[in-house]
There are 2 protein chains.
Amino acid sequence: MTETSSRLLTLLSLLQGRRDWPGGELAGRLEVSGRTVRRDVERLRGLGYPVESLTGPAGGYRLRAGAAMPPLLLDDDEAIAIAVGLRTAARASVTGIEETSVRALVKLEQVLPAHLRRRVSALGSATMTLPAGGPTVDPQSLTVIAAACRDSECVRFAYRGRDGVGSRREVEPHSLVNLGRRWYLLAWDRARSDWRTFRVDRLAKPASTGVRFAPRHPPAKDAAAYVARSLSAAPSRYEARVTLHAAAESVRKRVPSHWGTIEPIDDRTCEYRTGDENLDWLAVRVAMLGVDFEVCEPPELSEHLRALARRLERAAGPQ
Amino acid sequence: MTETSSRLLTLLSLLQGRRDWPGGELAGRLEVSGRTVRRDVERLRGLGYPVESLTGPAGGYRLRAGAAMPPLLLDDDEAIAIAVGLRTAARASVTGIEETSVRALVKLEQVLPAHLRRRVSALGSATMTLPAGGPTVDPQSLTVIAAACRDSECVRFAYRGRDGVGSRREVEPHSLVNLGRRWYLLAWDRARSDWRTFRVDRLAKPASTGVRFAPRHPPAKDAAAYVARSLSAAPSRYEARVTLHAAAESVRKRVPSHWGTIEPIDDRTCEYRTGDENLDWLAVRVAMLGVDFEVCEPPELSEHLRALARRLERAAGPQ
DNA sequence: ATATTGAGGACAGATCCTGGCCTAAACCAT
DNA sequence: ATGGTTTAGGCCAGGATCTGTCCTCAATAT
């Protein structure tokens, strides 16, 4: 019955590729009689995929949205677009679907033909990183780790700790957690026989070792909460408070919500609060707003801006 | 044979959801005998989807990447993640896959169940807009128009021309073109009986009228080229040449290749060339390098940097 | 060495598929 | 209003396919 099944898939593919299909044309494409097409449509309906039909001239078949997702039949370019889209969503989005994006990406990359994979990574490396994005996570690392989590396979990687000290690790990955703009890996460190959290942008060349492990009970039910807690003893973090000379509304449109909060002061000024671990990005983020502003705190930011201003003035050269 | 076909799809779905599956477990899930599972695997292989198998304890089946994309079987969350990812990719990416992203998005949205669609638009509206992105295109508009292009259906919308004058249009859409960071619609304007290009971020509430039309011959073979030509009064584009006081090697690591080229001058300085349509972006990009530099050209960039420096100095407040 | 897991041939009975033919109903355009 | 076009679906007969069972063999991990 490989014949019928593959024909059904082809039919689905056709119906997904264009909206309206006359029965006769489908019969031609599938190289079967019109009667069989009608039966195939019936079968698809039986499978839960709602196929509408219109009689009369200009009639035909049309796949509608149903209660459940039908299998998506993608051509090469579309698969690439989805892979690239998921990669950017996984690292740049703010909507709280990052984990799901990575899961979908793993599913897709598992079956992505090699030549497409090459094209994706070619495009992926050309993908722009947000100007003020800080250290970027390699989507490749994310998918390798996520796949290892899913399949209970050990992972080896080089890690550069907060203090800059490098080490090689072999861990049993438990889950990937996205907090703020960062990715963390919660894993059981085999050498240290304990749970550790790793910042994904600090690890290099993660590779699945192929060794399977029996899943352990995580140190807490909610991995995300656990990671957040273990980061609460976080190091120096700059919290900025800045007065912007612009209406809150006009600024809000241009500031992604996770980049901080905007509170109106009056019709013409508002207060912007945001935090980061790096003064450079903090400075750029504020400067990029394109409006006049004043730093309330921290003093380090003022100092940093002054230095930046001097540098820019030097760069601009003589008047 | 709806039974066999749907079982094959379920099997594909299982194989996509996890990597390793023992035959016995598959048999249980599919409620068939182990022999039938082996036959189903054989069928999948016959369809071109490579299923690996390992014998012995800890053996099982595993779906590998093959030569062609298999149908993707997504759960609800994954479908949402893909939709959101494609929406952001379609409007924010710079990789040249925007058109394809929209096409894939149209395909997906055509079959996206209603409750998922609601979740996507809820998330989509919360999606961040790039800080200096200029006017943003509504992904919803893009998909409506792209679907209309694909299905040869007329579209009605309100348009605000370059001079700010509003009008209502009814057009036969031909193609969507992405140039730079903007989207354009090439369409036959029915009232004016001529081809027109519309900037998608300037049109409001596009809606498919349901009226089909017979595709016309476009005014040029390559729609993108045509649009580009008709925009030849294009926005001034800035090409920057900057001398960096840092070794080429150390800078290269921090500059994505498509952001420009780095050429060494001597051991301690190098030249950075890059271009953009927006001076803000250009300035930030260079400033973010974190090294001293001098602007060679264009003069506008120098002027811009001076202004930025003044603003930063003001922002930093008194010494 | 042994147990576990996949591979696959053979067989029999049941099931299902296909194409062809025919009638009904819906719909568009002249 | 009418005729042509398009989907809907019943019926039939011949042929192909599927499934479960039983069996033997090969590969692999403990």
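Read-outs throughout are calculated quantities, based only on the coordinates presented, and are distinct from any laboratory measurement. Just so you know, these numbers come straight off a predicted model, no measurement behind them. Virtual Cβ from ideal backbone geometry, glycine too; neighbours counted across all protein chains shown.
Note on residue A:280 and residue A:151: the model spin-label points, each 7 Å out from Cα along the C-beta direction, lie 3.6 nm apart.
Is the C-alpha gyration tensor of chain B telling us rounded, prolate or oblate? Criteria: a/c under 1.5 is rounded; beyond that, a/b larger than b/c is prolate, otherwise oblate. Display every interim value, and only then the final one.
Numbers: a/c = 2.58, a/b = 1.40, b/c = 1.85.
It comes out oblate by the Cα gyration axes.
When you filter the GluC sites (Glu not before Pro) in region A:1-88 for DSSP loop state and at most 13 other Cβ atoms inside 10 Å of their Cβ, you are left with A:31.
What FRET efficiency would be calculated for the residue pair residue A:163, residue B:160, taking the C-beta separation as r and a Förster radius of 56 Å, to the nearest 0.05? That gives a FRET efficiency of 0.50. Going from the residue with the fewest nearby Cβ atoms within 10 Å to the one with the most, B:107, B:205 rank B:205, B:107.
The local environment of residue A:206, defined by Cβ-Cβ distances under 12 Å, has a net charge of +1 under the rule Lys, Arg +1 and Asp, Glu -1. Using the Cβ-Cβ distance between residue A:75 and residue A:220 with R0 set to 41 Å, the FRET efficiency works out to roughly 0.40.
Measuring spread by the Cα atoms of the protein assembly as shown yields a radius of gyration and Dmax of 27.2, 85 Å. Put in line by how crowded their Cβ is, counting other Cβ atoms within 10 Å and starting with the fewest, B:262, B:97 read B:262, B:97. Measuring nothing but how far apart in sequence close Cα pairs (under 8 Å, 6+ apart) lie, relative to its length, region B:2-63 scores a relative contact order of 36 percent. Our coupling estimate for region A:2-7, obtained by passing each phi through the Karplus curve with A = 6.51, B = -1.76, C = 1.60 and θ = phi - 60°, is 4, 4, 4, 4, 5, 5 Hz, Gly and Pro reported as x. Extension gain, residue B:297-residue B:121: 0.36 nm per intervening residue step, less the Cα-Cα distance, totals 59.0 nm.
The share of Cα pairs per 10 Å bin across region A:2-63, counted from zero up to the longest distance, runs 23, 64, 12, 0 percent. Taking each DSSP H run with n ≥ 4 as -39500 (n - 2.57) and averaging over every residue of the protein assembly as shown yields -13000 deg cm²/dmol at 222 nm.
Given a cut-off of under 8 Å on Cα pairs at least six residues apart, what relative contact order in percent is computed for chain A? Walk me through the numbers before you get to the answer.
Details: 437 pairs, mean separation 32.0, N = 319.
Answer for chain A is 10 percent.
Here's the picture: a label point sits 7 Å out from the Cα of residue B:190 along the beta-carbon direction, and within region B:139-169 the residues with their amide nitrogen under 18 Å of it are B:144-159, B:167-169. Each copy carries residue B:194; placing its label point 7 Å along the C-beta direction from Cα gives inter-copy distances of 7.6 nm, listed from smallest up. What value does region A:77-232 have for Rg/Rh, both radii from Cα atoms and Rh as Kirkwood defines it? Radius of gyration over Kirkwood radius for region A:77-232 works out to 0.95.
What is the mean number of Cβ atoms from other protein chains located within 10 Å of the Cβ atom of each residue in peptide A:108-118, rounded to a whole number?
Shielding by partners across A:108-118 averages 5.
Simple spin-label estimate for residue A:249 and residue A:261 gives 2.2 nm between the two label positions (7 Å along the Cα-to-Cβ direction from each Cα). By the count of neighbouring beta-carbon atoms within 10 Å, fewest first, B:243, A:274 end up ordered B:243, A:274. With its label point defined 7 Å out from Cα along the Cα-to-Cβ axis, residue B:230 lies at 5.8 nm from the matching points of the other copies, in increasing order.
Inter-chain Cβ neighbour count for B:5-11, averaged per residue, equals 5 (cutoff 10 Å, partner chain atoms only).
Of all aspartates and glutamates in the structure, those lying under 19 Å Cα to Cα from residue A:221, and not within fewer than 8 positions of it along the same chain, are A:99, A:172, A:189, A:194.
Averaged across the residues of B:151-161, what count of C-beta atoms belonging to other chains lies within 10 Å of each residue's C-beta?
Details: counts 4, 3, 2, 0, 0, 0, 0, 0, 0, 0, 0.
Per residue, the average neighbour count from other chains is 1.
Fully extending the segment from residue A:170 to residue A:2 would add 56.1 nm, taking 0.36 nm per residue of separation and subtracting the current Cα-Cα distance. For residue A:64 and residue B:54, a Förster radius of 30 Å and the Cβ-Cβ distance give a FRET efficiency of 0.15, rounded to the nearest 0.05.
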